[in-house]
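Report on the following structure.
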Amino acid sequence: MCENLITRLWAIFLVCYNILMELSDKLEIKFRLDVNQKRALNKLKLFSVADLLFHFPVRYSDLSVVKKISELVPGEVQTVYGKISKLKTKKSFRSRRPMGEGEIEDLSGKIKIIWWNQAYLAKMMKDGDSVKLTGKVTESKSGTYLANPEFEKIPNMPIDSHDTLFKKDGIENTGFSFPIYHETRGITSKWFYHAIEKILKEKTLDNVVDYIPQDILEKYHLPTLKTALFWIHKPKNDKDAESARKRFAFEEVFCIQLERQHDKLEYRKNKSFKITPDKKDTEGFLARFPFKPTLSQDKSIKTIIEDMGKNYPMSRLLEGDVGSGKTAVAATAAYVVVNQKKSLESSRDNLQISKNLQIAYMAPTEILATQHFESFIEYFKHLPINIGLITGSGCRKFPSKSSQKFGTASHSEAGAKEWTTISRSQLLKWTNEGNISILIGTHALIQKSVKFKNLALCVIDEQHRFGTTQRRKFIRKDNIAPHLLSMTATPIPRTLALTIYGDLDLSLLDEMPLGRKKIITEIITPNKRIETYEAVRQELKNGRQVYVIFPRIFEADPEKELALNVKSAVAEAKRLKKEVFQEYEIGVLHSKMSKIKKEEVMAEFTKGEINILCATSVVEVGVNVPNATVIIIEGAERFGLAQLHQLRGRVIRSTHQAYCYIFAEAKSAKTIERLKALKTAKNGFELAELDLTLRGAGELSGTKQWGITDLGMEAIKNIKMVEAARLEATRIIADDQELKKYPLLKEKVRTKTSEFHFE
Ligand code: ADP
Ligand code: MG
């Protein structure tokens, strides 16, 4: 009996051991790798068999439409597959414009290729590459050629020989597609194909255990992990591939949601300073603004005050376009906190706190922090409180009279209306003692050395994800955590917001303050360029300033890309000076310049010494230059709408009428139609939604910073999927916050989300 048990245990051990061996096997043990391949796999962070299985194809090549070269019909757009050779670039005979040339060959014949004006395409391939080309078969005096074909590099796999591709009469592989993997120097898509093929053949998948609960898979008709892994690498048809991708996309959003929902509950376990506002005082504070709050500002303020009156700390995100007035909302929230007069009862314990409450306000840049410091002095100077500024380059305090005891003197005394620079240690000391009511700063605010006595509210402006790790720093030893108000102007679709900000409640400022002049936006086709320059000249004559923004030029090589982007801004600045705006000063700002040089140029622009600033779109032109009222965006069709909207936001601060000229090179009606949305959309969020529906998730700018993979972004397109993931995650976490019943899932979340805070 005992022996029997031991044998059984041994068998179980063997099975388990086998699972571990299989999936956790190091790739270098399983495969013969050369140095370059090892380096490449390291770079892609692929170390084990499991890693490789989760390295999904970026797409599938559909060979069903491929034509034999000998059967191409002139005048039609067709696709061929073969080896490319004789690649070269030269200047075209007549126009002297750069062009690319080459030849493609399959078993049936060969055809010449010409890329008019796109010489760089010829440089993106090399002789001998197997490629799929799609272009117009064009007849000319010197013979038939394929004009400006789109290309796709294809490993000559799995059809290593053309015989299998063209067994009978040309188009024969209907529905047959094979995976294309992301390549990097040293490793090819073909290698991945073979390696994964080997893993699949060895039945490694038999040991895979699913981490997603069975009931969820069934409810949403998702394939099991084993099936999905097989289908994603070796789909029999489109449906299988799609089904597998759907599962992994769901899984990603589900994992993010689990983490966020966990964090949300976790933060709520803390105690908070329960704020009870004085309605009259709050109205009085709002009345001091030289404007009437918009309806959405009013609504947000109301919600925030309600949140801060609850038993647990607020976690709220305030979304609103640039200029929608987020600062006034934040200032009002801050006011309610500093105005808290009565001794406070902390929410859960009966802890008495008679001290004054504090606010931290974190801005993304020094300039913005300083600007906020100045505005807050305006908002709060009538109150007996101290305001501090802490940045990398120094500290300030308002009012300047340092001897002033909190709550005793009034600021009307001489000299009290000014701020003064103070030492960092002094400011930190006062903050620690609770004598600085509002501390404004950059990242310097969350350094360890900064300690608050009674931090009640934390305002975070434009930090894309102010994560739990950072938040934790604000939680006191006695578990009192500040109310959290995050603010952002980055326009993203609702599905994405629900996902990445899953731990926050959302408020939206979806209207612009009344009386604000709308930026006049025009879509300019190439034939209207000169006219437009004249309109711009008129503004320059009126003393206004102009931004000219250049698009990103997408290049495979990031270094080259940067160089090209810079080149276009520099070249255009020269051209404008020489041909168009001779009488004006033109400056250049790009990402390759040193920080000092950038600041110099910005300072000159701010002072008005530069009239026209040519900048690459990657450069943050974050400074407020109210006199800059015109923005020209070149190559606009290359941008997403939301991104264009954000660029345009740079001229919104002025009291003068602002103009945005969207220069589009493309003549396609569809492109122009899309760009016209910039004239009609109500706000950036609407444009982000449009980007998502018109061009897909890949168009949303800055996806990398949100830590979502391209596959995960597919879920973002699907509100139903996002809602399902959120619903299920919330349900599970509510019942089992630490995922004790789901150890495999917990492990998955741990590896998937970079920030992970389960016990
Ligand atoms: P953002 O949302 O970009 O942070 P700000 O808070 O800086 O916007 O506000 C932009 C400008 O609009 C500021 O000059 C501010 O005083 C002004 N403003 C804010 N709210 C209103 C309003 N309701 N009516 C008129 N002007 C407003
Ligand atoms: Mg702001």
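The values are calculated or read from the model by the stated rules, or taken from the named source; none is laboratory data. These numbers come from a predicted model, not from an experiment. Virtual Cβ from ideal backbone geometry, glycine too; neighbours counted across all protein chains shown. Each accessible area value is taken on the protein alone, full model and side chains, heavy atoms only, with ligands, DNA and RNA left out. Shrake-Rupley method; radii C 1.70, N 1.55, O 1.52, S 1.80 Å.
Would you confirm whether or not region 664-674 contains a residue that is aliphatic (A, V, I, L, M) and within 23 Å of the chain's Cα centre (by Cα)? Lay out the reasoning, then the answer.
Step one: list which residues in region 664-674 are aliphatic (A, V, I, L, M), which gives 664, 666, 669, 672.
With the extra rule that they be within 23 Å of the chain's Cα centre (by Cα), the set shrinks to none.
No, region 664-674 contains no residue that is aliphatic (A, V, I, L, M) and within 23 Å of the chain's Cα centre (by Cα).
Tally time: how many residues in region 467-485 are outside any helix (DSSP H, G or I), at negative phi and open to solvent by 10 Å² or more (accessible area, probe 1.4 Å)?
6
Regarding region 445-459, can at least one residue be identified that is within 16 Å of ligand 1 (Cβ to nearest atom), assigned to a strand (DSSP E or B) and not charged (D, E, K, R)?
Yes - at least one qualifying residue is present in region 445-459.
Pairs, please: C-beta under 9 Å, at least 6 apart or cross-chain, first residue touching a residue at least 60 places away in the same chain (Cβ under 8 Å) and within 16 Å of ligand 1 (Cβ to nearest atom) and in region 367-395, second among the hydroxyl-bearing types (Ser, Thr, Tyr) and in a loop (DSSP other than H, G, I, E, B)?
Listed by first residue and then by second, the contacts come to LEU368/THR442; ALA369/THR442.
Just to confirm my filter: which strands (runs of 3 or more DSSP E) fall fully inside region 486-561 and include at least 3 residues that are within 30 Å of LEU121 (Cβ to Cβ)?
Those strands (runs of 3 or more DSSP E) span 545-550.
Run down ALA497, ALA489, ALA535, ALA456 and say which single residue is touching a Pro at 6+ places or on another chain (Cβ under 7 Å) and either aromatic (Phe, Trp, Tyr) or touching a residue at least 60 places away in the same chain (Cβ under 8 Å) (or both). Talk me through it step by step, then tell me what you get.
Details: ALA497 fails: touching a Pro at 6+ places or on another chain (Cβ under 7 Å); ALA489 fails: touching a Pro at 6+ places or on another chain (Cβ under 7 Å); ALA535 fails: touching a Pro at 6+ places or on another chain (Cβ under 7 Å).
Sole residue among the options that is touching a Pro at 6+ places or on another chain (Cβ under 7 Å) and either aromatic (Phe, Trp, Tyr) or touching a residue at least 60 places away in the same chain (Cβ under 8 Å) (or both): ALA456.
Filter region 284-305 for residues that are more than 20 Å from PHE380 (Cα to Cα) and either open to solvent by less than 30 Å² (accessible area, probe 1.4 Å) or assigned to a loop (DSSP other than H, G, I, E, B) (or both) and give the result.
Passing the criteria: THR294, SER296, SER300.
Only one of (1) part of a loop (DSSP other than H, G, I, E, B); (2) open to solvent by 20 Å² or more (accessible area, probe 1.4 Å) fails for PRO235. Which number is that?
Going through (1) part of a loop (DSSP other than H, G, I, E, B); (2) open to solvent by 20 Å² or more (accessible area, probe 1.4 Å) one by one, PRO235 breaks only (2).
Here are some residues: SER410, SER375. Which one is over 37 Å from the mean Cα position of the chain (by Cα), polar (S, T, N, Q) and either modelled with pLDDT of 95 or more or open to solvent by 30 Å² or more (accessible area, probe 1.4 Å) (or both)?
Testing whether each residue is over 37 Å from the mean Cα position of the chain (by Cα), polar (S, T, N, Q) and either modelled with pLDDT of 95 or more or open to solvent by 30 Å² or more (accessible area, probe 1.4 Å) (or both) leaves just SER410.
State the number of residues belonging to region 272-283 that are away from ligand 1 (no atom under 16 Å from the Cβ), open to solvent by less than 30 Å² (accessible area, probe 1.4 Å) and outside any loop (DSSP other than H, G, I, E, B). Quick ask: steps written out before the conclusion?
Filtering region 272-283 down to residues away from ligand 1 (no atom under 16 Å from the Cβ) leaves 272-281.
Remaining after also requiring open to solvent by less than 30 Å² (accessible area, probe 1.4 Å): 272-273, 275.
Retained after the next criterion (residues that are outside any loop (DSSP other than H, G, I, E, B)): 273.
The number of residues fulfilling the criteria is 1.
Could you list all residues from region 80-114 that are more than 26 Å from SER70 (Cβ to Cβ) and hydrophobic (A, V, I, L, M, F, W, C)?
Scanning region 80-114 gives a single hit, PHE93.
Taking region 21-48, which residues are surrounded by 12 or more Cβ atoms within 10 Å (Cβ to Cβ) and in a loop (DSSP other than H, G, I, E, B)?
Selection gives ASP25, PHE31, LEU33, LEU44, LEU46, PHE47.
All but one of (1) without any contact (Cβ under 8 Å) to a residue 40 or more places away in the chain; (2) open to solvent by less than 80 Å² (accessible area, probe 1.4 Å); (3) not in a strand (DSSP E or B) hold for PRO149; state the number of the condition that does not hold.
For PRO149, the exception is condition (3).
Can you confirm whether THR488 is within 16 Å of ligand 2 (Cβ to nearest atom), β-branched (Val, Ile, Thr) and touching an Asp or Glu at 6+ places or on another chain (Cβ under 7 Å)? Talk me through it step by step, then tell me what you get.
On the way: within 16 Å of ligand 2 (Cβ to nearest atom): yes; β-branched (Val, Ile, Thr): yes; touching an Asp or Glu at 6+ places or on another chain (Cβ under 7 Å): yes.
Answer is yes for this residue.
Considering (1) open to solvent by 10 Å² or more (accessible area, probe 1.4 Å); (2) in contact with a Pro (Cβ under 8 Å, 6 or more places away or on another chain), say which one VAL208 fails and leave the rest.
(2)
Here is a list: ALA416, ALA360. Which entry is more than 16 Å from ligand 1 (Cβ to nearest atom), open to solvent by less than 10 Å² (accessible area, probe 1.4 Å) and modelled with pLDDT of 95 or more?
ALA360
Just name the residue that is nearest to LEU647 (Cα to Cα) out of those in region 578-592 that are modelled with pLDDT under 90 and either in contact with a Pro (Cβ under 6 Å, 6 or more places away or on another chain) or open to solvent by 30 Å² or more (accessible area, probe 1.4 Å) (or both).
In this case the residue turns out to be SER591.
Which residues, counting only those in region 306-329, are within 6 Å of ligand 1 (Cβ to nearest atom) and outside any strand (DSSP E or B)?
From region 306-329, those within 6 Å of ligand 1 (Cβ to nearest atom) are 320, 322-328; that's our starting set.
Selection gives VAL322, GLY323, SER324, GLY325, LYS326, THR327, ALA328.
Here's the yes/no breakdown for (1) open to solvent by 30 Å² or more (accessible area, probe 1.4 Å); (2) within 16 Å of ligand 1 (Cβ to nearest atom):
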position	(1), (2)
ARG494	yes, no
LEU498	no, no
ASP505	yes, no
ASP510	yes, yes
GLY515	yes, yes
THR521	no, no
THR525	yes, no
THR532	no, no
GLN538	yes, no
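Please pick out the residue among PHE192, PHE254 that is within 18 Å of SER48 (Cβ to Cβ), part of a helix (DSSP H, G or I) and modelled with pLDDT of 90 or more.
Just one listed residue meets the conditions, PHE192.
Hey, among LYS401, LYS355, which residue is modelled with pLDDT of 55 or more, surrounded by 16 or more Cβ atoms within 10 Å (Cβ to Cβ) and over 40 Å from the mean Cα position of the chain (by Cα)?
It is LYS401.
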